[in-house]
Structure formats: structure tokens, C-alpha cells
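Participant: Let me give you the structure first, and then I'll get to my questions.
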Amino acid sequence: MILVTGGAGFIGGNFVLDWLKDPNAEGIINLDKLTYAGNLATLESLKNDPRHVFIHGDIGDQALVTTLLKEHQPRAIINFAAESHVDRSIHGPAEFVQTNVMGTFNLLECARSYWNDLDLEKKAAFRFHHVSTDEVYGSLSKSDPAFTETNPYEPNSPYSASKAASDHLVRAWFHTYGFPVVTTNCSNNYGPYHFPEKLIPLVILNALNSKQLPIYGDGQQVRDWLFVSDHCSAIREVLAKGKLGETYNIGGWNEKANLEVVNTICSILDELKPRADKKSYAEQITFVKDRPGHDRRYAIDASKIKRELGWKPTETFDSGIKKTVQWYLDNPVWIEGVVSGSYRDWVQQQYN
Ligand code: NAD
Ligand code: DAU
């Protein structure tokens, strides 16, 4: 088996679903705290699949993690669990330090102790895969080259600082203890099951609900967008063939300014589900107060993973964004389940 943490969230959930599509795949133990961002509805199709064992719990719980490892003897851990939203980290950074730093520390320590007791063959095969972000590298100007794996860490938000701290712990556990780790730093994901606090799903749902489409500042901040199933395939490659102690950047070669992304979503919706008054959804675009410390540009140079492991993304932004909009149109039940009371409270706090 493999142990996945945070597998009820956006990327972890997609990863679990993708992995178990293969009838010969190993089983998954899925440890998730089910914070506001965790959603078992994403995993509904696995309800009767014995290869998926869901455990409701915290990566920071030493007793629980120790028992899980002993009982299920995974050959790898993939750590997706995190607090992941930059805006929430600005309002309340404590949870980010708790889960992203202390939680990763606990997971590393429990895993190291488990790994130490494995027999030689299992010890050599074991992997701890830490899932991280391009935000640890800081912000680029328009003319800077894209981030490579050797860029210095310059995190600017409480979120990215906490992820940077976790990356450093993972690195140190390799160098000091020889603990077998790989780290991946990925750009912005989008696709099915994305919680609608993030730009793309927020804009799709707000558009359909006749609400404003909030653009922070001038909307010219650039992100490098990657369809989530491409991120999942990259993680599988790194888990299978990645070199221990290495980090791999993962990206979509799809740099877009936020305003362009929002206009693209509006055009797709204009075609697939025109407004009753036949005007464009772009009429709902509203410029709002900027995010404090807003990073101007992220861009990933994903040549190392292509060169060394042969991975490259399969979706273009055009194909991926169309699939994503269509998915939100086709899945009103999943959406209804996530836009609950606590989601409304967040929207009220952030946008009013
Ligand atoms: P998400 O917020 O959608 O999901 C996080 C999941 O982790 C949720 O299911 C939540 O319940 C769970 N969780 C939170 N705290 C936990 C804890 N203490 N113990 C156990 N489970 C806990 O996040 P996501 O967008 O799926 O991101 C997954 C990982 O990928 C994160 O580590 C994030 O930093 C990283 N990442 C995300 C992106 C992106 O664009 N979303 C890009 C690069 C890297
Ligand atoms: O780069 C990878 C990171 O991408 C991940 O590590 C994070 O977990 C993930 O949340 C994401 O961070 P961003 O801050 O880039 O994503 P978000 O969707 O929150 O915002 C994308 C851009 O859109 C960003 O420049 C802020 C802007 N934005 C966002 C929201 C929610 C708006 O203009 N308006 C909004 O309402």
C-alpha cells in the first residue's frame, strides 16, 4: 500500500481517483483531517472499493500516524496535507504553521522511526514524497527567467513561508538521517473538485450565480497553470523514478495573467451557458482591493523533470480550462455540498 495524506482535498483527491483507476494499482490509505477543504464527496466513487482505506485524522497526531504505519506497512508516503489558501494564511497564519510545519515535522519523525525498523529490502524501496509549491521561490519580474530547482527560497506569504519551512525539514531529514525523500514544487493547479475559494472555481461559480468576479489589484499578476491530472501523473513519475534527495519543478508552461484567465472563463461560459440577457459574463468583472504582499509572477521551468524522467504535461490551457468549466456545469451536487455555511462565512469575510 501507499499512504496518502490530504487525499480528500483538491489535488490529493484527484491523485487518489487517478491512482485507483488502474485495476492493478496498490491500495491507498488516505489520512485526512477533513478541514473545510477536505471533502469525502470527491471520493464517493470509491465507497465500495476495498483498495481505499480512509482514516479521519491529523498528520500532526503522533500516536495515530505511528499506529497507521505499523498496521498498514506502506512502501511510500505522499504528503499532500496542508493548509493551502494564501488569503486564509493572511487572515489566520497559525493553522498554516501548525499543519504545514509542525504536521510535516511529525509525519517525518513518525515515518523515519517506521523506516528505521524496516528490513533492508523494504528500507531501500521506501519513499517519502513531499508535495510543495512554486510559491516558495518568491515573485518574478516580467523579464526574469522561470524558477528552476536551484532558485533561492524567498517566500512572501505566511502560506509560502510555511511550505518553505516544510521543504527545508524534508531536505534536512535526507541530509542528516539519510531518510529517502523526494520533493516536488508545482505551479497553480486547476480542474475538477477544486474548492471554490481559489480563483478559477470561484469565478466559474460566481459567474453562474450572477455575482461579481473579483479581480485583485490590476489583474496583471501571472500564474503558470497546470491541469490537475498532469500534476498527478508527474507525481507518479517522480515517485517511481525520482532520485532521492532531489527536488523536481512541475509546471504547465502556461503563463497567464489573472485577467486573461477570467476573460477566458467568461467566453467559455458565454458559449456553453449564455446569460439570460445575452450579455457576456465579463460584465460581472469587478476590480477589488489587492491581496497584501501579492506576488506578481510565478513561472516554472519544468525542463529537469522532462529531461530526467521524461514527464511533460498533456493538457494545454485551452483544453484544460474547457474541461474544467464543463465539469462545474455537470456537477451541481458536488458544488452544493461544498458551498455550505462555512464557505459563505469565508466569502463574507474576504470580499465584504
Ligand atoms: P486543499 O486545501 O484542497 O486540500 C488539503 C487537504 O489536506 C484537505 O483535504 C484537508 O482536509 C487536508 N488537511 C489539512 N490539514 C490536515 C492535517 N493537519 N492533517 C491531515 N489532513 C489535513 O489543497 P490542494 O490544493 O489539494 O493542495 C495539496 C498540496 O499541494 C498542498 O500541500 C499544497 O501546498 C500543494 N500545492 C497546491 C497547488 C495548487 O494549485 N492547489 C499547487 C502546488 C502545490
Ligand atoms: O502557485 C501554486 C499555488 O497556487 C499553490 O501553492 C496554492 O496552494 C494555491 O492556492 C495557488 O495559490 P494562488 O494564490 O496563486 O491561487 P489563487 O487561486 O488564490 O489565486 C490565483 C491568482 O488570482 C492570484 O494572483 C490571486 C488572484 N485572485 C484570487 C482570488 C481568490 C483574484 O484576483 N481574485 C480572487 O478572488
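The values are calculated or read from the model by the stated rules, or taken from the named source; none is laboratory data. Treat the numbers as computed from the prediction; the structure is a model and nothing was measured. Reconstructed Cβ throughout: ideal geometry from the backbone, glycine too, with neighbour counts over all protein chains shown.
Participant: Out of (1) out of contact with any Ser or Thr (no Cβ under 7 Å at 6 or more places or on another chain); (2) within 9 Å of ligand 2 (Cβ to nearest atom), the odd one out for Cys232 is which?
Facilitator: If we test Cys232 against (1) out of contact with any Ser or Thr (no Cβ under 7 Å at 6 or more places or on another chain); (2) within 9 Å of ligand 2 (Cβ to nearest atom), just (2) comes out false.
Participant: Hey, another quick one. Only helices (runs of 4 or more DSSP H) wholly contained in the stretch 1-97 count here; list those with 2 or more residues that are modelled with pLDDT of 95 or more and within 16 Å of ligand 2 (Cβ to nearest atom).
Facilitator: 10-20, 86-91
Participant: Any idea which of Arg291, Arg275 is within 24 Å of Tyr153 (Cα to Cα) and in contact with a helix residue (DSSP H, G or I) (Cβ under 8 Å, 6 or more places away or on another chain)?
Facilitator: Arg291
Participant: Against the definition (of a type in the set (Asp, Glu) and free of Cβ contacts under 8 Å to residues at least 40 places away in the same chain), how does Asp345 come out, yes or no?
Facilitator: yes
Participant: Also, I was wondering about something else. Determine whether Asp49 is among the acidic types (Asp, Glu), more than 22 Å from Val338 (Cα to Cα) and either more than 23 Å from the chain's Cα centre (by Cα) or buried (at least 16 other Cβ atoms within 10 Å of the Cβ) (or both).
Facilitator: yes
Participant: Determine if the stretch 306-327 includes at least one residue that is farther than 30 Å from Phe147 by Cα and in contact (Cβ under 8 Å) with a residue 60 or more places away in the chain.
Facilitator: Taking every residue of the stretch 306-327 in turn, at least one turns out to be farther than 30 Å from Phe147 by Cα and in contact (Cβ under 8 Å) with a residue 60 or more places away in the chain.
Participant: Continuing with this model, one more query. What pairs can you find where one residue is in the stretch 116-145 and touching a residue at least 12 places away in the same chain (Cβ under 8 Å) and farther than 23 Å from Asn106 by Cβ, the other is part of a strand (DSSP E or B) and of a type in the set (A, V, I, L, M), and their Cβ atoms are less than 7 Å apart, with a gap of 6+ or different chains?
Facilitator: Asp134/Ile300
Participant: Among the strands (runs of 3 or more DSSP E) contained in the stretch 235-307, which hold 2 or more residues that are buried (at least 20 other Cβ atoms within 10 Å of the Cβ)?
Facilitator: It comes to 247-250.
Participant: Next question, about the same structure. Here are Ile59, Ile55: which of them is in contact with a Ser or Thr (Cβ under 8 Å, 6 or more places away or on another chain) and either aliphatic (A, V, I, L, M) or exposed (fewer than 13 other Cβ atoms within 10 Å of the Cβ) (or both)? Let's see the steps before the verdict.
Facilitator: On the way: Ile55 fails: in contact with a Ser or Thr (Cβ under 8 Å, 6 or more places away or on another chain).
Going through Ile59, Ile55 in turn, the sole match is Ile59.
Participant: Moving on to the next point. Take the residues in the stretch 99-110 that are within 10 Å of ligand 1 (Cβ to nearest atom) and closer than 23 Å to His294 by Cα; name whichever of them is surrounded by the most Cβ atoms within 10 Å (Cβ to Cβ).
Facilitator: From the stretch 99-110, those within 10 Å of ligand 1 (Cβ to nearest atom) are 99-100, 102-104, 106-107; that's our starting set.
Restricting the remaining residues to those that are closer than 23 Å to His294 by Cα gives 99-100.
Working: Thr99: 23, Asn100: 28.
Only one residue fits best here, namely Asn100.
Participant: Moving on to the next point. Looking at (1) closer than 29 Å to Ser160 by Cα; (2) more than 9 Å from ligand 1 (Cβ to nearest atom), which is the only condition Asn48 fails?
Facilitator: So Asn48 meets the others, but not (1).
Participant: Within the stretch 57-92, how many residues are within 14 Å of ligand 1 (Cβ to nearest atom) and over 22 Å from Arg112 (Cα atoms)?
Facilitator: So the answer is 8.
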